[in-house]
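Chemist: First the structure, which I've put down as structure tokens, then a few questions once you've had a look.
The values are calculated or read from the model by the stated rules, or taken from the named source; none is laboratory data. Predicted model, so just to flag it, every value in this text is computed and none were measured. Glycine gets a Cβ as well: all are built from the backbone with ideal geometry, and neighbour counts include every protein chain shown. Calculation scope for accessible area: heavy atoms of the full protein, side chains included, ligands and nucleic acids excluded. Shrake-Rupley method; radii C 1.70, N 1.55, O 1.52, S 1.80 Å.
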Amino acid sequence: MPESRSLRGSVAVVGVGETPYYKRGESPDPEFKLALDAIIRACEDAGISPKDVDGFASFSNDRSDPSRLAAALGCNELRFANMQWGGGGGGGSGAIGNAAAAIATGMADCVVVFRALAQGQFGRFGQGPRRNAIAGEFAHTIPYGLMSPGQMFAMKVQRFMHDHGVEQSALRAISLASYHHAQNNPRAVMHGRPLDETGYDESRWIVEPFHLYDCCLENDGAAALVLVAGERAADFDHPSCYLLSAVAGSHYRAGAPVHNTPDYATSTFKTLVPRLYEMAEVDSSDVDVLQSYENFTGGVLMSIVEHGFCALDEVNDFFKKDNFLAPGGALPLNTSGGNLAECYMHGLGLNIEAVRQIRGQSTSQVPDAKVSMVISGPMVTPVSACIFGAEETL
Amino acid sequence: MSSAYLAPGLPAPAPSPDGLDTPYWEALAADQLVAQRCANCQGWQWGPEWICHRCLSSELSFEPLDAQARIYSYERVWHPVHPALKDQGPYLVVLVEFPDADGIRMVGNLLGDPQQEVSIGADVVRVFEHHREADPPFTLLQWRCP
Ligand SMILES: [Zn+2]
């Protein structure tokens, strides 16, 4: 790939910010105020004034409009206002890629990537519609009781587990690792709520093959990252965290309606993975720590396999809790507690945790982490992923 | 209505306002299963779209689909996300494929004991579940093991 068409090292994350994380519906603040709060915190972390932010990028139809944000924050100028299409958390790393592309090409100088959610204010995910009739693609699924994200994705995971002989213990290992790491993280909604094998096994089914603890939380809060050109990274206080790669997209006809995508039982990442590693100039063995979006553990299962961390015939052996624990596991995973046990901020909290790992600031730090990867929103389309690297990786 | 698999109260399917899938719902009401087929390349296509994804022809029609059907994947739902299902108990949703019709797939319920063993790859046969007293009336496409 010609250097001019790679993002590698051209952009750095210099600030991260999060509001406190609340249980769904319990935020004392409305959604837009949460967005402002997270952005201001991220700018404080970077040591810049919000007035110098000149771009915003988000995903999943975030409701906090960039022009209103820029007006509220007194931004001197707005040069980039971007939305990654596609639902769910599949756009988290994609929004970072979009922001980075704007900076790398000179369209903007300082772009904030953010996501804000107040489900108490705007209604819940994971609930069926309350209308009397439904038309379009969902007319072919909802009347059969197939309506929530969990119900949509269980169908893919069931087929994957069938095809490859995956045992329930593989999903359990992912959940236990998230809950383990959340116990170290005072910000985590599930801090002080440990989970063991028995607790998992005895939890109720939501939809087979997902137990309660295979499903993400629903939360209120906001998260933001500040991105600038890579050559400016050294001017900031924190250890530099460079973007090595960002990709978004999906395979052939991934969006074919009514579960008709030809390659069905997949995390949707197969065609992205070669581009992800090629731009970053690393492969899976170079990755020190992984944040892998858990809408449901089954998505993490397929993501980890399809990103090359584990062969298909080794899944039941590899997916053990200890392999996923920081600091010493083979693949430290979701070290903040992730969407299962820290907070569900549509996955943007995973990107922030990946930055913390490069800075050495995680509550479950992987020693000397240099290559830190994020997989955003498996099983939807488009999905996205990114890799961050420390100074030494450039 | 006592023959319906799921408790009443879920949103009823309505033909798309732009008419894209109207022939499908009309056929179900008449105990027929149809799917889109391209007059130019003879390929089957589902869900419905305005053009054929293979040859981009817009010469699509809804043709009778009598091919073998088998279970491609399934799930047993325990936690209801819609109030109409709060007393339903577990239920089975199947993704059915038509291997001789270019592998197109459709979603339905697997009738019978919701706790039955389900085998991916097993043949299933169609059942037209009519809701003729509903306003407006509609028909669901269900499945059972032979
Ligand atoms: Zn055609």
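Chemist: In terms of solvent-accessible area of protein heavy atoms at a 1.4 angstrom probe, what is the ranking of B:Trp25, B:Trp50, B:Trp78, highest value first?
Modeler: B:Trp50, B:Trp78, B:Trp25
Chemist: Right, next: If the cut-off is a Cα-Cα distance under 17 Å, which lysines reach A:Lys156, setting aside same-chain residues fewer than 8 apart in sequence?
Modeler: By straight Cα distance, A:Lys156 reaches A:Lys270.
Chemist: On to the next question. Threshold 40 Å², probe 1.4 Å: give the residues of segment B:72-104, in number order, that are less accessible with all protein chains present than with their chain alone.
Modeler: Residues losing area: B:Tyr72, B:Ser73, B:Tyr74, B:Glu75, B:Arg76, B:Trp78, B:His79, B:Val81, B:His82, B:Leu95.
Chemist: GNM, chain A, Cα, under 10 Å: largest mean-square fluctuation among A:Ala35, A:Ala46, A:Ala139?
Modeler: Ranking A:Ala35, A:Ala46, A:Ala139 by mean-square fluctuation puts A:Ala139 first.
Chemist: Okay, moving on. Probe 1.4 Å, all protein chains in place: accessible area of B:Ser3 in Å², nearest 10?
Modeler: Estimated to the nearest 10 Å², B:Ser3 gives 90 Å².
Chemist: May I pose another question? Over segment B:22-144, what percent of the accessible surface lies on carbon and sulfur atoms, probe 1.4 Å?
Modeler: Percent of accessible area from carbon and sulfur atoms in segment B:22-144: 47.
Chemist: Considering segment B:22-144, what Rg and Dmax in Å follow from its alpha-carbon atoms?
Modeler: Answer for segment B:22-144, Rg first and Dmax second: 15.9, 48 Å.
Chemist: Can you work out the FRET efficiency for the pair A:Asp368 and A:Ser67, with r the C-beta to C-beta distance and R0 = 35 Å, to the nearest 0.05?
Modeler: 0.25
Chemist: Next up: Using protein chains only and a probe of 1.4 angstrom, how many square angstrom of B:Asp87 are accessible, to the nearest 10?
Modeler: 130 Å²
Chemist: Over chain A, what is the relative contact order in whole percent, taking alpha-carbon pairs under 8 Å and six or more residues apart?
Modeler: Rounded, it is 25 percent for chain A.
Chemist: Let me ask something else. Could you please state, rounded to a whole Å, how far the C-alpha centre of segment A:263-285 is from the C-alpha centre of segment A:241-258?
Modeler: One Cα centre to the other: 9 Å.
Chemist: Separate question: Only residues of segment B:89-130 count here: report those whose backbone N is under 20 Å from the spot 7 Å along Cα→Cβ of A:Arg204, or say none.
Modeler: Inside the label zone: B:89-93, B:114-116.
Chemist: Not counting ligands, DNA or RNA, and with a 1.4 Å probe, what is B:Glu26's accessible surface area in Å² rounded to the nearest 10?
Modeler: Number for this one is 120 Å².
Chemist: Say a site is exposed when it is one of the chymotrypsin sites (Phe, Trp or Tyr not before Pro), sits in a DSSP loop, and has at most 13 other Cβ atoms within 10 Å; what is then the longest site-free stretch of chain A?
Modeler: By the stated rule (loop sites, at most 13 other Cβ atoms within 10 Å), A:86-251.
Chemist: Between A:Arg253 and B:Asp100, what is the label-to-label distance in nm when each label sits 7 Å out along the Cα-to-Cβ direction?
Modeler: 2.0 nm
Chemist: Moving on. Work out from phi, with θ = phi - 60° and the Karplus expression 6.51 cos²θ - 1.76 cosθ + 1.60, the ³J(HN,Hα) of each residue of segment B:106-115, listed in order in whole Hz, and give x for Gly and Pro.
Modeler: Each residue of segment B:106-115 in turn: 9, 9, x, 9, 9, 6, x, 4, x, 9 Hz.
Chemist: Lys/Arg Cβ at +1, Asp/Glu Cβ at -1, dipole of the protein assembly as shown taken about the Cα centre: which of A:Tyr344, A:Leu276, A:Ala72 is farthest positive-ward?
Modeler: So the residue furthest toward the plus end is A:Ala72.
Chemist: Please give the net charge around A:Leu217, taking every other residue with its beta carbon less than 9 angstrom from that of A:Leu217, where Lys and Arg add +1 and Asp and Glu add -1.
Modeler: 0
Chemist: On to the next question. For B:Gln115, project a label point 7 Å along Cα to C-beta. Then give me every residue of segment B:68-91 with its amide nitrogen under 11 Å of that point.
Modeler: Counting backbone N atoms under 11 Å from the label point, the list is B:90.
Chemist: Give the Kirkwood hydrodynamic radius (Å, one decimal) of the protein assembly as shown, defined as one over the mean of 1/r across all pairs of different Cα atoms.
Modeler: The Cα-based Kirkwood calculation yields 24.1 Å.
Chemist: Now, a different point. Compute the signed sum of charges (Lys and Arg +1, Asp and Glu -1) over the other residues within less than 9 Å, Cβ to Cβ, of A:Ser245.
Modeler: 0
Chemist: In addition: Any idea of the accessible area per residue across segment B:22-144, 1.4 Å probe, to the nearest Å²?
Modeler: Averaged over the residues of segment B:22-144, the accessible area is 44 Å².
Chemist: Another question about this same structure. Compute all pairwise cysteine Cβ distances in chain B, then list the cysteines with no distance under 4.7 Å to another cysteine.
Modeler: Singleton cysteines: B:Cys145.
Chemist: While we're here: To the nearest Å, what is the center-to-center distance of segment B:8-67 and segment A:1-37, using C-alpha atoms only?
Modeler: So the separation of the two Cα centres works out to 42 Å.
Chemist: Based on DSSP H runs of at least 4 residues, each adding -39500 (n - 2.57), what is the mean residue ellipticity at 222 nm of the protein assembly as shown after dividing by all its residues, to the nearest 500 deg cm²/dmol?
Modeler: Helices in the protein assembly as shown give a 222 nm mean residue ellipticity of -6500 deg cm²/dmol.
Chemist: Please give the net charge around A:Gly17, taking every other residue with its beta carbon less than 9 angstrom from that of A:Gly17, where Lys and Arg add +1 and Asp and Glu add -1.
Modeler: Residues close to A:Gly17 contribute a combined charge of -3.
Chemist: Using protein heavy atoms only (no ligands, DNA or RNA), what is the total accessible area buried between A and B, 1.4 Å probe, nearest 100 Å²?
Modeler: Interface between A and B: roughly 3500 Å².
Chemist: I want to verify the translational diffusion coefficient of segment A:1-46 in µm²/s; compute it with Stokes-Einstein, Rh as the Kirkwood radius over Cα pairs, at 37 °C and 0.692 mPa s.
Modeler: Answer, rounded: 254 µm²/s.
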